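We did not get these values from a lab; they are worked out from the coordinates using the rules stated. Because the structure is a prediction, the values reported are computed rather than measured. Here the Cβ positions follow ideal geometry from the backbone for every residue, glycine too, while neighbour counts run over all protein chains shown.
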Amino acid sequence: MNTEQALPGINLQSFFEETRNSALNKYHSDFLNALTDRIGFRSHGRDQEWNQRLSALPQLDKVTADFSLDRVSLSSAETIDPVSLSKILMGLHPWRKGPFDIFGIQIDSEWRSDWKWRRILPHLSPLEGRRVLDVGTGNGYFLYRMLGEHVDLALGIDPTRLFSYQFQALQNLQPENRAFLLPLKDEDMPPCQFFDTVFSLGVLYHRRQPIKHLQQLTNSLRPGGELVLETLIIQEGTASLEPIDRYAQMRNVWLVPTISKVEELLHQCHYRDIKVADINVTSMAEQRSTAWMRYQSLEDFLDPQDSSKTIEGFPAPVRAVIIATKL
Ligand SMILES: C[S@@+](CC[C@H](N)C(=O)[O-])C[C@H]1O[C@@H](n2cnc3c(N)ncnc32)[C@H](O)[C@@H]1O
């Protein structure tokens, strides 16, 4: 597959160029094969429309990026038409992860992903100089925050096509950096044992076989590397939840584990130093509909009479951050 033409407008080539001189080089053909399977023969009905949005973006020379702020920010001394840029970016609706400040345009995403990052960051081994993988990265908001911590390389994978276009739009508006997003799934990752830190935030409960997901993450981590797992959990003392139909209106939630269940799975995958870094009840201030995500959100997924329950009668979403070291 020719990566330059694989997805119209999406730059997959830079990942291969930038990792040519690293130990990932050995796995380039695996990445290419996976990309061929995932996207080579499957166009998305909206590829062309989203690519047109990318083509309409202004070309700017003097842009400064600041990834250390809650709002990932781009600024420029050049004159930018905010109305037309806002329209282009809105054409990539819905923006689920953020927030972003793009030349003064405030992308108020469905999630305050900065709040999640603030809960995670203090517990991590310092990210400076590390090579990190973020599985299920969404539009790459967290990749930018990782760059803000001076990682050496931030690779994200996510199969949702729109998120590749959102990330590419953000990349096209700024100088080159060391963040890359490939439209792949966890199971597509070659067993490279390359990354110093692997993140899986909000993905475990979407996987039919959570143990497989963890094994796939383990295969990407170097020995001694750090796993950062964020997942929905259910209160200890009850059985892990296996929703037959929906959980908080999501069709694709297969397991809401207890912390002990997560620990058991991590032990099975040979992790040590398993720490629960944070437990947080998801609030309607953190996940909500906005102008940039106009569909329903958490408020609509909870019992209107009792917000401690989902609309299906399950306990409302609680999330835990668990950090562990690969043996
Ligand atoms: C709930 S979102 C979490 C996004 C982000 N990590 C966060 O914590 O805000 C789940 C993400 O996982 C992605 N996803 C779903 N199945 C996946 C898989 N098999 N491998 C990798 N990512 C997957 C979805 O496209 C979506 O962006």
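Tabulated data
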{"read-out": "Given charges at Cβ of Lys, Arg, Asp, Glu: the stretch 1-132 dipole, positive-most of HIS28, GLN48, GLY9", "value": "HIS28"}
{"read-out": "Cα-based radius of gyration of the stretch 167-251 once divided by 2.2 N^0.38 Å, which approximates compact folds", "value": "1.36"}
{"read-out": "Packing-based order for 151-160, 135-144, using average beta carbon neighbours within 10 Å, highest first", "value": "135-144, 151-160"}
{"read-out": "Dipole in debye (nearest 20) - the chain, about Cα centre, beta carbon charges: Lys, Arg +1; Asp, Glu -1", "value": "360 debye"}
{"read-out": "C-alpha center-to-center spacing [the stretch 190-208, the stretch 87-136] in angstrom", "value": "18 Å"}
{"read-out": "Cβ charges +1 (Lys, Arg) and -1 (Asp, Glu), total dipole of the stretch 117-242, debye", "value": "120 debye"}
{"read-out": "Hz values of 3J(HN,Hα) by residue in the stretch 153-158 - Karplus curve (6.51, -1.76, 1.60), Gly and Pro given as x", "value": "8, 10, 9, x, 10, 6"}
{"read-out": "Cα-based convex hull, the chain, per residue volume (Å³, whole number)", "value": "131 Å³"}
{"read-out": "Signed unit charges on C-beta, dipole axis of the stretch 172-327, positive-most listed residue THR238, GLN287, PRO190", "value": "PRO190"}
{"read-out": "Rh (Kirkwood; distinct C-alpha pairs) - the stretch 1-61, Å", "value": "13.0 Å"}
{"read-out": "Extreme residue, positive dipole direction of the stretch 132-256, given options VAL228, PRO175, TYR205 (C-beta unit charges)", "value": "TYR205"}
{"read-out": "Across LYS212/LYS275; LYS261/LYS309; LYS87/LYS309; LYS26/LYS62; LYS185/LYS309; LYS26/LYS326, pairs whose alpha-carbon gap is larger than 27 Å", "value": "LYS87/LYS309; LYS26/LYS62; LYS185/LYS309"}
{"read-out": "Size of electric dipole in the stretch 1-160: Cβ of Lys, Arg +1 and of Asp, Glu -1, about Cα centre, debye, nearest 20", "value": "420 debye"}
